[in-house]
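I have placed the structure first, in the form of C-alpha cells, so that the comments after it can refer back to it.
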There are 2 protein chains.
Amino acid sequence: MREFDLLNHIYQSNGKLPDAVTIAPGDDMGAIRIDDDTVLAAVDQLIDQVHVDLKSHSLQQVGRKAVTRNLSDIAAMAAKPLCALATAALPRDFGKARSDELFAAMRDTAAQYQCPLIGGDVSIWDGPLHLTVTVLATPAGIEPVKRSGGKVGDVICVTGQLGKSYPTDHHLNFEPRLEIARAIAEYPATRPHCMIDISDGLARDLGHLCEMSNTSAVIEQSKLPCRNGATWQQAVGDGEDYELLFATDHAAIGSPGTWDVLGVPITVIGRMIASEDKPSVTIKLENGQQLDLSNRGWEHQ
Amino acid sequence: MREFDLLNHIYQSNGKLPDAVTIAPGDDMGAIRIDDDTVLAAVDQLIDQVHVDLKSHSLQQVGRKAVTRNLSDIAAMAAKPLCALATAALPRDFGKARSDELFAAMRDTAAQYQCPLIGGDVSIWDGPLHLTVTVLATPAGIEPVKRSGGKVGDVICVTGQLGKSYPTDHHLNFEPRLEIARAIAEYPATRPHCMIDISDGLARDLGHLCEMSNTSAVIEQSKLPCRNGATWQQAVGDGEDYELLFATDHAAIGSPGTWDVLGVPITVIGRMIASEDKPSVTIKLENGQQLDLSNRGWEHQ
C-alpha cells in the first residue's frame, strides 16, 4: 500500500469533523477557524536515505529542504507563512556541532521566509536522522486555494520547469513559490480553481487535483517545460519539482503558451476535461499517440 | 549533551524573533499572534523503544499516548486544544491493519479532547515506529501561563501523584490536566505564576521553572504525594507523571496541605525562595537532611 493511499484511507475514516475545520485533511494544508481568523497547518517528514542523503548533501542543504518543502505546501494554498515547529531524532554519534549546524540552517531558512521557528523537540536515538517540520500559515486576505474546484475547460498551468530534480539538485535549491501563488490567487481573472505543489511528480499530483475536482486532464508532451533536457517521462514522473500546478479560467490565459509572473515562467500544459467513469490523466505525445498516465504506464515504455 | 540542553542551546542562538511571537521557544508551547487572536503550538516525538515499547504496549495505548502527552503541554499553558497534526514513519512490515488501528487511536483520542486531527504525513521506512504529534491551542479567554513568573514566597503545588509512572502504566493511561489547569488559571487568587507539566521528573521540571523564574525551590519529602508506594527518589526522579507543577500565591492556598479541584488532589509540596548564585532545587528529607537535587545527587544515594 502506497503512502498516499494509506493517508487517504486514514482520513476517509475520519468521521465528522467540527464545523471549525474549514479545510479537511487531504489537502496541502488543513485549516481551522479561531474566532474571525483562520489558521492553516501542515507537517512533513524528512528522513535520511528516504528524502535526503547525508552522505552527499550538506547539513545546510538538509536543514533548508526540511523547511522549504513545507513552505511549498503553504504556497500551494496561496497562504502566508506564520511560524514553524521542528522535531529532530538525531543519531547517537551526530554530535553537538552538527546539530547546531542543522538547526541553524532550519532556523535561518524559516526566518528568511518570515516563518519563525517557535518550538521543537529533540531526541537522540540509534536510528538515522529523522526531521519533521510543522508550518502554520494564514490566508492574510486571500481565500486559500484547495485541491478541489477544478472545472471542465480550465487550462492546466505549471510554474518553472519539470523533471531531473535530483540530478540537478533542484530538490535542494528550489525557491518555494510563495509570492507567485499569492500574486495569481489575488487577481480574480487568474485565481486558480485548484492548486497543488508538485512533490510526487506531475502525473500523480495532477491526478490528485482531478480526483479532488472530479475532472480528468489532458496534457501535451510538446508543451512540457522540461528541466535541463529532461525527457517527457522524467517531466511527468520524477517528482520533487516543488512547482505550482493549477487549473484556472481559460478566458484569462488564452491559448496555450507561456506567461511570466514575478520573473518565473508559467506554462499552459493542458486542459481539464469531463471525467468519464473516473478521473484520469492523459498525455498527447508528439507522435500522435495518447497515453493514460493514471496507472504510471509510461514507466514501462 | 542532554536533549533539553541541546534544545535550549538551539533556542538561545535564535536571535531576535518577530514581535508577533508572544511566547518564545523554550516554554511548553510557543505562541504567535494573528490579528486579534493568539495561537499556541507544540510538537513532540514518540519513538518505539524510547518513549514506548511496541512489544508490551498495545497500538491503542501508543496512539493515545502520542496525543495525550501533547495535550499535557496544552494543559501546562492553561490553554484550550484547537487541532492536531500527526506524522508516522512506519516500519516496512507494519501493515495496513496495524496502521489503521494506530491512526484510529490517535484520531479518536484527539477527537475526545476536542482537538481534531486536521493533517499528517505517513512514510514507510526500514526504521522503528516514529510518531510526532503537533498540537495547536488557543488562550480562549485565559492568559497562557508560562514557565517564567514564579515569585519568592510562592507555594509550589502539584496535581495528582508522582513516581512509578512506568510500572503502573500511568504514562499510558494518564488524563491530561486540561480542565484543572483552566479552572485554577481562571480564578485570580489561584492563578499559577508559572506552570509546567512533569515529563522529565519533578526535580528537573521544577528546575526548569526555577531557571525561567530566576528563583530557587525547597520541597519537603513528607509532603510528596507518592504514587503506589513510590519512594521519594522515584517521586522526584521518575518522570512521565504528566501532572501539573506550578507556583502560586501563598495567601490563596494557606498552609501546606491538599486541596481538591474537579476531583483531583492538589498538594502543596514546598516554597519558592530567593536564588543565591543560581537557581537550585532542594529537598528537606524527613531525617532533617537537606539535599540539593539540581545535580541529580539523589540518584547516587
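The values are calculated or read from the model by the stated rules, or taken from the named source; none is laboratory data. Everything numeric in this text was worked out from a predicted model, so none of it was measured. All Cβ positions, even for glycine, are placed from backbone atoms using ideal geometry, and neighbour counts span all protein chains on display.
Close Cβ contacts (under 6 Å, 6 or more residues apart or on different chains) running from residues in the range B:161-177 that are in contact (Cβ under 8 Å) with a residue 24 or more places away in the chain to residues that are of a type in the set (Val, Ile, Thr) comprise B:Pro176/B:Thr68; B:Arg177/B:Thr159.
For the range B:40-72, a tally of residues being closer than 20 Å to A:Gly120 by Cβ and of a type in the set (Ser, Thr, Tyr) returns 2. Restricting attention to the range B:24-34, the residues being over 20 Å from B:Cys115 (Cβ atoms), more than 7 Å from chain A (Cβ to nearest Cβ) and outside any loop (DSSP other than H, G, I, E, B) number 1.
With respect to (1) under 19 Å from the mean Cα position of the chain (by Cα); (2) under 16 Å from A:Gly160 (Cα atoms), the lone exception for A:Glu211 is condition (2).
The set of residues in the range A:35-70 being within 12 Å of another protein chain (Cβ to nearest Cβ) and either free of Cβ contacts under 8 Å to residues at least 12 places away in the same chain or in a loop (DSSP other than H, G, I, E, B) (or both) consists of A:Asp35, A:Asp36, A:Gln49, A:Val50, A:His51. Is it the case, given these coordinates, that A:Thr134 is modelled with pLDDT of 95 or more and either basic (Lys, Arg) or in the same structural domain as A:Thr87 (by TED's automatic domain parsing) (or both)? Judged against the criteria, A:Thr134 is a match. Taking the criterion of being at the interface with another protein chain (Cβ under 10 Å from one of its Cβ atoms) and not charged (D, E, K, R), the residues of the range B:71-93 that qualify are B:Leu82, B:Cys83, B:Ala84, B:Leu85, B:Ala86, B:Thr87, B:Ala88, B:Ala89, B:Leu90. There is at least one residue in the range A:178-198 that is among the acidic types (Asp, Glu), closer than 25 Å to A:Ala66 by Cα, buried (at least 24 other Cβ atoms within 10 Å of the Cβ) and touching a strand residue (DSSP E or B) at 6+ places or on another chain (Cβ under 9 Å).
Evaluated against (1) at pLDDT below 95; (2) charged (D, E, K, R); (3) more than 14 Å from the chain's Cα centre (by Cα), B:Asp154 falls short on exactly one condition, (1).
Within the range B:96-119, restricting attention to residues that are among the small types (Gly, Ala, Ser) and at the interface with chain A (Cβ under 8 Å from one of its Cβ atoms), which residue is nearest to A:Asp27 (Cα to Cα)? Can you show your working first?
Of the range B:96-119, the ones among the small types (Gly, Ala, Ser) are B:97, B:99, B:104-105, B:110-111, B:119.
Applying the additional criterion that residues be at the interface with chain A (Cβ under 8 Å from one of its Cβ atoms) yields B:99, B:104, B:111, B:119.
Working: B:Ser99: 20, B:Ala104: 19, B:Ala111: 20, B:Gly119: 8 Å.
Only one residue fits best here, namely B:Gly119.
For the range B:126-147, the set of residues classified as more than 24 Å from B:Ile34 (Cβ to Cβ), surrounded by 21 or more Cβ atoms within 10 Å (Cβ to Cβ) and at the interface with chain A (Cβ under 9 Å from one of its Cβ atoms) consists of B:Gly127, B:His130, listed by residue number.
Residues in the range A:84-93 that are out of contact with any Gly (no Cβ under 7 Å at 6 or more places or on another chain) and crowded, with 24+ Cβ neighbours inside 10 Å were compared, and the one that is nearest to A:Gln112 (Cα to Cα) is A:Ala84.
Checking the range B:162-175 against the condition returns no match, with no residue being modelled with pLDDT of 95 or more, surrounded by fewer than 24 Cβ atoms within 10 Å (Cβ to Cβ), polar (S, T, N, Q) and under 28 Å from B:Gln289 (Cα atoms).
Okay, residues lined up against (1) free of Cβ contacts under 8 Å to residues at least 24 places away in the same chain; (2) outside any loop (DSSP other than H, G, I, E, B); (3) touching a Pro at 6+ places or on another chain (Cβ under 8 Å):
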position: A:Asp205; (1), (2), (3): no, yes, no
position: A:Cys210; (1), (2), (3): no, yes, yes
position: A:Gln233; (1), (2), (3): no, yes, no
position: A:Gly239; (1), (2), (3): no, no, no
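As a summary of the residue check, B:Arg147 satisfies the conditions (1) modelled with pLDDT of 95 or more; (2) assigned to a loop (DSSP other than H, G, I, E, B); (3) over 24 Å from B:Thr282 (Cβ atoms) except for the one numbered (3).
Quick check on B:Ser58: is it at pLDDT 95 or above, surrounded by fewer than 23 Cβ atoms within 10 Å (Cβ to Cβ) and among the small types (Gly, Ala, Ser)? Considered against the rule, which asks whether it is at pLDDT 95 or above, surrounded by fewer than 23 Cβ atoms within 10 Å (Cβ to Cβ) and among the small types (Gly, Ala, Ser), B:Ser58 comes out as yes.
Scanning the range A:1-23 for residues that are at pLDDT 90 or above, out of contact with any Lys or Arg (no Cβ under 7 Å at 6 or more places or on another chain) and more than 7 Å from chain B (Cβ to nearest Cβ) yields a single hit, A:Asp19.
Conditions tested, residue by residue: (1) surrounded by 20 or more Cβ atoms within 10 Å (Cβ to Cβ); (2) closer than 27 Å to B:Ala181 by Cβ; (3) of a type outside the set (Val, Ile, Thr); (4) under 15 Å from the mean Cα position of the chain (by Cα).
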site: B:Thr22; (1), (2), (3), (4): no, yes, no, no
site: B:Asp37; (1), (2), (3), (4): no, yes, yes, no
site: B:Thr68; (1), (2), (3), (4): yes, yes, no, yes
site: B:Asp108; (1), (2), (3), (4): no, yes, yes, no
site: B:Ile118; (1), (2), (3), (4): yes, yes, no, no
